[in-house]
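Asker: First the structure, then my questions, so here it is.
The values are calculated or read from the model by the stated rules, or taken from the named source; none is laboratory data. Treat the numbers as computed from the prediction; the structure is a model and nothing was measured. Note that each Cβ is placed from the backbone with ideal geometry, even for glycine, and that neighbours are counted across all protein chains shown. With ligands, DNA and RNA removed, areas are computed over all heavy atoms of the protein, side chains included. Shrake-Rupley method; radii C 1.70, N 1.55, O 1.52, S 1.80 Å.
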Protein chains: 2
Amino acid sequence: MKRATLKEVATLAGVSTATVSNVLNETKNVSDEVKNKVFSAIQELNYQPNIVAKSLRVQESRIIGLLISDIANPFFSIVVRGIEEELAKSDYSILLCNTDSSVEKEDKYLKVLIGKRVDGLIVSSTGNTGDYFRSMEKTGVPMVFLNRCPDFMVSDVIMTNNIKGSYSGTEHLIRHGFEKIAIITGPISISTGKDRLTGYKRALEDYGITESDELVKEGNFDIESGYTKMKELMEQDNKPDAVFISNNSMTLGAYKYLKESGISIPDQLAVVGYDDSDWADIVDPPITTIKQPAYELGVHAARLILARIINKQVKREITYMDTELIIRHSCGCNKENPYSCESNKLETTSGCI
Amino acid sequence: MKRATLKEVATLAGVSTATVSNVLNETKNVSDEVKNKVFSAIQELNYQPNIVAKSLRVQESRIIGLLISDIANPFFSIVVRGIEEELAKSDYSILLCNTDSSVEKEDKYLKVLIGKRVDGLIVSSTGNTGDYFRSMEKTGVPMVFLNRCPDFMVSDVIMTNNIKGSYSGTEHLIRHGFEKIAIITGPISISTGKDRLTGYKRALEDYGITESDELVKEGNFDIESGYTKMKELMEQDNKPDAVFISNNSMTLGAYKYLKESGISIPDQLAVVGYDDSDWADIVDPPITTIKQPAYELGVHAARLILARIINKQVKREITYMDTELIIRHSCGCNKENPYSCESNKLETTSGCI
DNA sequence: GAATTTACGAAAAACAATTACAGAAGAACT
DNA sequence: AGTTCTTCTGTAATTGTTTTTCGTAAATTC
């Protein structure tokens with residue numbers, strides 16, 4: 001079925017195309033009489049404005065590109081909901097690009113995003129080469145990076161305070177009295193991975209615990225690497241008595257390994273994870289974790305990109321959002337008094353149980 | 001920064017616009033000599049083809065609209081990954097529309113999708129009014145419905161076999177010997193909700209168990225309704241000894257309630273859920289569930305829509321994909337021999353523990 | 001050497017909207 | 001009555017491609 005055009009509407013209504021456009025966009029006063037003629041012509045032809053033609057003419061697509069590493073990760077999917085709901089209010093649509101953190105997919109998508117003339121770009125993924133990011137920057141399209149930012153970019157960034165977050169998670173384990181605290185990090189080439197490692201190290205240092213390279217495992221932020229890195233940790237001579245795991249997927253993988261091999265949490269190994277989930281409190285045992293404000297992160301990113309689109313001259317903005325330590329039982333806190341370890345803080349030596 | 005146009009590339013390279021277009025799209029033979037001139041002009045001007053202009057001219061957007069009720073639901077986010085990976089292979093992008101199953105958001109998005117002239121539409125959400133669906137159908141844009149299809153549509157549909165799935169889940173509980181088996185359904189206005197209820201009823205009927213209206217609760221497919229409906233069930237006089245829950249979010253909500261109120265699974269209440277999740281085997285107790293082939297569902301949907309775009313004349317296709325019963329422990333199957341109930345099937349009366 | 005094929009240019013016609021500019025008609029003012 | 005001001009509406013240019021037509025010149029084939 002051929003779609004009706006504005007021109008056809010105009011001829012049927014007996015007016016000019018300019019007039020039709022003006023009634024549609026309310027850009028100029030049009031008499032009620034003419035308006036009605038136009039509306040009934042629109043009705044009769046079942047006319048739907050062609051937004052791609054409009055985009056070409058007015059040079060804006062009303063589309064925001066969203067470059068994300070894994071939409072199936074609950075953290076990201078909540079972020080996306082935040083973005084979506086905020087953008088929907090301003091009638092922007094989102095073009096979803098799932099990259100698997102692959103440089104090739106990233107570059108490929110960036111290319112189509114430039115071609116499709118998106119009005120802005122929200123990035124929460126990076127394979128970190130950046131040729132296409134640079135050419136994106138040259139085009140002047142506003143970008144905001146979310147939680148991960150390649151060093152060479154000077155765009156807006158909105159982050160959770162990763163260092164502080166992992167510091168508090170590690171600190172919590174230290175206060176429990178654990179001394180051989182391991183960490184499963186994300187790729188240290190990614191800022192998130194690096195920062196969470198930094199927070200861990202800083203906590204150990206502040207509490208006078210010497211760190212051991214053997215207790216630092218670099219994972220890949222996915223379930224599988226959580227599983228294998230956990231396995232490595234528990235099969236080596238220098239076993240940890242607690243572990244801090246840098247994201248939800250790896251925590252899941254680690255849990256799978258620990259359950260499978262009958263290692264009891266927290267008795268044989270205490271764990272604190274990163275990212276809260278809907279299921280974190282019904283697993284066995286419920287996971288103590290660093291919660292990121294995922295939804296708010298998305299909302300903020302959306303607002304920032306919209307602000308940038310309206311006014312491109314604003315100074316670079318770097319926002320840090322705070323994390324929250326959610327205490328459950330995988331760290332060793334007990335059921336009756338889950339906050340006991342917080343209340344007797346530094347005085348404890350052997351934890352709060 | 002003003003972007004370079006094809007025309008500018010042409011003049012810089014000293015060739016015609018037709019030629020530049022031909023080298024870019026490889027639509028006609030062009031000598032290497034000329035090609036090189038064009039390429040270096042492109043390089044020099046940092047030219048990026050304007051796809052919206054192209055879209056206008058060739059009347060295709062290379063965008064598939066994706067109407068989905070909740071991207072944060074792990075089932076859907078896996079489906080989306082399947083769709084994304086398949087579409088990426090053919091250089092189609094996806095425009096993400098999260099609807100919350102709200103009629104208003106659905107209509108609004110449908111309108112922008114029509115306006116943006118998407119080449120196809122994958123729908124896994126429905127508030128079920130359908131005025132805009134109908135006008136979408138009139139435009140001739142290919143649509144495939146995924147797991148939920150409004151009755152009045154005659155588009156392609158790809159479904160999991162919901163009736164069979166919930167039948168086997170219910171049957172499993174029956175074989176355990178439970179007689180007061182409740183169900184928490186989704187909205188029965190949605191086909192998924194209705195069909196899963198049908199499967200449940202059919203199983204009860206086949207095994208000669210009289211059904212009770214009190215044991216049928218209609219939820220909303222979200223965590224909260226799982227919680228409240230579970231609560232209703234356990235607080236009424238006619239308590240169930242087992243429950244079948246029609247999706248993952250409601251199962252999660254139900255679990256939360258049961259843990260909170262100290263009801264032991266499966267001793268006091270056995271549960272079988274719908275939708276498998278990464279975390280289903282690490283919760284306490286691990287959830288027995290009906291697994292849908294989420295990723296494959298997405299891949300299939302993507303392939304179908306691409307086939308439709310290429311050839312619009314194909315007959316309507318309705319595909320059913322099979323579910324799988326994943327036996328863990330929430331149903332009462334024990335750890336040592338998780339499949340015992342399957343092996344002594346109908347002979348058991350009081351379950352397999 | 002004639003006929004055909006190939007490579008390319010120039011120019012213009014789509015594609016479907018927006019918008020600057022101009023013109024006409026009527027109202028309001030001198 | 002003539003002038004100015006609104007208020008409405010039409011004309012035509014513009015956005016960046018692709019594609020068609022027509023034409024020319026060189027290369028290839030017979």
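Asker: Taking the criterion of being under 26 Å from A:LEU252 (Cβ atoms), within 14 Å of chain A (Cβ to nearest Cβ) and buried (at least 21 other Cβ atoms within 10 Å of the Cβ), would at least one residue in the stretch B:232-244 satisfy it?
Answerer: No.
Asker: As an exercise: evaluate A:TYR92 against (1) more than 18 Å from B:LYS89 (Cα to Cα); (2) within 8 Å of chain B (Cβ to nearest Cβ); (3) crowded, with 22+ Cβ neighbours inside 10 Å and give the number of the one condition it does not meet.
Answerer: So the condition that A:TYR92 fails would be (2).
Asker: Further question: Against the definition (at negative phi, surrounded by fewer than 13 Cβ atoms within 10 Å (Cβ to Cβ) and more than 14 Å from chain A (Cβ to nearest Cβ)), how does B:GLU8 come out, yes or no?
Answerer: Details: at negative phi: yes; surrounded by fewer than 13 Cβ atoms within 10 Å (Cβ to Cβ): no; more than 14 Å from chain A (Cβ to nearest Cβ): yes.
No; evaluated as a whole, the condition is false for this residue.
Asker: Yes or no: the stretch A:107-117 includes at least one residue that is open to solvent by less than 60 Å² (accessible area, probe 1.4 Å), assigned to a loop (DSSP other than H, G, I, E, B), at positive phi and within 12 Å of DNA strand D (Cβ to nearest atom).
Answerer: Scanning the stretch A:107-117, I find at least one residue that is open to solvent by less than 60 Å² (accessible area, probe 1.4 Å), assigned to a loop (DSSP other than H, G, I, E, B), at positive phi and within 12 Å of DNA strand D (Cβ to nearest atom), so the answer is yes.
Asker: I'd like to check something: does the stretch B:26-36 contain any residue that is touching a Leu at 6+ places or on another chain (Cβ under 7 Å), near DNA strand D (Cβ under 10 Å from one of its atoms) and among the hydroxyl-bearing types (Ser, Thr, Tyr)? Don't jump to the end; show me each part of the working.
Answerer: We begin by selecting, within the stretch B:26-36, every residue touching a Leu at 6+ places or on another chain (Cβ under 7 Å); these are none.
No, the stretch B:26-36 contains no residue that is touching a Leu at 6+ places or on another chain (Cβ under 7 Å), near DNA strand D (Cβ under 10 Å from one of its atoms) and among the hydroxyl-bearing types (Ser, Thr, Tyr).
Asker: While we're here: For the stretch B:221-271, name all the residues that are closer than 17 Å to A:ASP278 by Cβ, of a type in the set (Asp, Glu) and assigned to a loop (DSSP other than H, G, I, E, B).
Answerer: B:ASP222
Asker: Now for a separate question. With A:GLU8, A:GLU86 as the choices, which residue is modelled with pLDDT under 95 and of a type outside the set (A, V, I, L, M, F, W, C)?
Answerer: Working: A:GLU86 fails: modelled with pLDDT under 95.
Selected residue: A:GLU8, the only one of A:GLU8, A:GLU86 that is modelled with pLDDT under 95 and of a type outside the set (A, V, I, L, M, F, W, C).
Asker: When the stretch A:55-67 is examined, which residues are found to be within 8 Å of DNA strand C (Cβ to nearest atom) and more than 8 Å from every other protein chain (Cβ to nearest Cβ)?
Answerer: In the first step, residues of the stretch A:55-67 are kept if they are within 8 Å of DNA strand C (Cβ to nearest atom); the result is A:56-58.
Matches in the stretch A:55-67: A:ARG57, A:VAL58.
Asker: Within the stretch A:164-209, which residues are among the aliphatic types (A, V, I, L, M), more than 19 Å from A:ASP241 (Cβ to Cβ) and open to solvent by 20 Å² or more (accessible area, probe 1.4 Å)? Lay out the reasoning, then the answer.
Answerer: Narrowing the stretch A:164-209 to residues among the aliphatic types (A, V, I, L, M): A:173-174, A:181-184, A:188, A:190, A:197, A:203-204, A:209.
From the residues that got through so far, the ones that are more than 19 Å from A:ASP241 (Cβ to Cβ) too are A:188, A:190, A:197.
Selection gives A:ILE188, A:LEU197.
Asker: If you don't mind, there's one more thing I want to ask. Go through the stretch A:210-220 residue by residue and tally those that are in a loop (DSSP other than H, G, I, E, B) and open to solvent by less than 50 Å² (accessible area, probe 1.4 Å).
Answerer: Keep residues of the stretch A:210-220 that are in a loop (DSSP other than H, G, I, E, B), which gives A:210-212, A:219-220.
Applying the additional criterion that residues be open to solvent by less than 50 Å² (accessible area, probe 1.4 Å) yields A:212, A:219.
Number satisfying all stated conditions: 2.
Asker: Regarding B:THR99, is this residue touching a residue at least 40 places away in the same chain (Cβ under 8 Å) and either more than 10 Å from chain A (Cβ to nearest Cβ) or more than 16 Å from DNA strand D (Cβ to nearest atom) (or both)?
Answerer: On the way: touching a residue at least 40 places away in the same chain (Cβ under 8 Å): no; either more than 10 Å from chain A (Cβ to nearest Cβ) or more than 16 Å from DNA strand D (Cβ to nearest atom) (or both): yes.
Taking the combined requirement at face value, the residue does not satisfy it.
Asker: State whether one or more residues within the stretch B:41-52 are under 25 Å from B:GLY120 (Cβ atoms), more than 12 Å from DNA strand C (Cβ to nearest atom) and open to solvent by 70 Å² or more (accessible area, probe 1.4 Å).
Answerer: Checking the stretch B:41-52: not a single residue is under 25 Å from B:GLY120 (Cβ atoms), more than 12 Å from DNA strand C (Cβ to nearest atom) and open to solvent by 70 Å² or more (accessible area, probe 1.4 Å).
Asker: Within the stretch A:121-129, identify whether any single residue is assigned by TED's automatic domain parsing to the domain that holds A:VAL144 and over 30 Å from B:ASP70 (Cβ atoms), and answer yes or no. Step through it out loud before you land on a result.
Answerer: Pass one, the stretch A:121-129, residues assigned by TED's automatic domain parsing to the domain that holds A:VAL144: A:121-129.
With over 30 Å from B:ASP70 (Cβ atoms) added as a condition, the list becomes A:128-129.
For the stretch A:121-129, residues assigned by TED's automatic domain parsing to the domain that holds A:VAL144 and over 30 Å from B:ASP70 (Cβ atoms): present.
Asker: How many residues are open to solvent by 10 Å² or more (accessible area, probe 1.4 Å) and not basic (Lys, Arg) when one looks only at the stretch B:295-305?
Answerer: Within the stretch B:295-305, the subset open to solvent by 10 Å² or more (accessible area, probe 1.4 Å) is B:295-296, B:299-300, B:303-304.
Still in the running and not basic (Lys, Arg): B:295-296, B:299-300, B:304.
Qualifying residue count, the stretch B:295-305: 5.
Asker: How about the stretch A:38-52: which of its residues are closer than 14 Å to A:LYS7 by Cα and either within 11 Å of chain B (Cβ to nearest Cβ) or of a type in the set (Lys, Arg) (or both)?
Answerer: Hits for the stretch A:38-52 are A:ASN46, A:TYR47, A:GLN48, A:PRO49, A:ASN50.
Asker: What tally of residues in the stretch B:56-67 results from selecting those that are surrounded by 23 or more Cβ atoms within 10 Å (Cβ to Cβ) and of a type in the set (A, V, I, L, M, F, W, C)? Full working, then the answer.
Answerer: Going residue by residue through the stretch B:56-67, those that are surrounded by 23 or more Cβ atoms within 10 Å (Cβ to Cβ) are B:61, B:63-67.
Add one more test, that the residue is of a type in the set (A, V, I, L, M, F, W, C), and what stays is B:63-64, B:66-67.
Of the residues in that region, 4 qualify.
Asker: Same structure again: Confirm whether A:GLU84 is surrounded by fewer than 21 Cβ atoms within 10 Å (Cβ to Cβ) and either within 15 Å of DNA strand C (Cβ to nearest atom) or within 12 Å of chain B (Cβ to nearest Cβ) (or both). Let's see the steps before the verdict.
Answerer: Numbers: surrounded by fewer than 21 Cβ atoms within 10 Å (Cβ to Cβ): no; either within 15 Å of DNA strand C (Cβ to nearest atom) or within 12 Å of chain B (Cβ to nearest Cβ) (or both): yes.
When the stated conditions are applied, A:GLU84 does not pass them.
Asker: Give me a count of the residues in the stretch B:272-296 that are in contact with a Ser or Thr (Cβ under 7 Å, 6 or more places away or on another chain) and either of a type in the set (S, T, N, Q) or not in a loop (DSSP other than H, G, I, E, B) (or both).
Answerer: Residues that pass the stated criteria total 7.
Asker: Only one of these conditions is not met by A:MET1: (1) at pLDDT below 90; (2) touching a Gly at 6+ places or on another chain (Cβ under 6 Å); (3) more than 13 Å from DNA strand C (Cβ to nearest atom). Which number is it?
Answerer: Of everything listed in (1) at pLDDT below 90; (2) touching a Gly at 6+ places or on another chain (Cβ under 6 Å); (3) more than 13 Å from DNA strand C (Cβ to nearest atom), A:MET1 misses just condition (3).
Asker: Could you tell me which of the residues B:VAL20, B:VAL15 is touching a residue at least 12 places away in the same chain (Cβ under 8 Å), within 8 Å of DNA strand D (Cβ to nearest atom) and open to solvent by less than 40 Å² (accessible area, probe 1.4 Å)? Spell out the reasoning first.
Answerer: Values: B:VAL15 fails: within 8 Å of DNA strand D (Cβ to nearest atom).
Answer to the check: B:VAL20.
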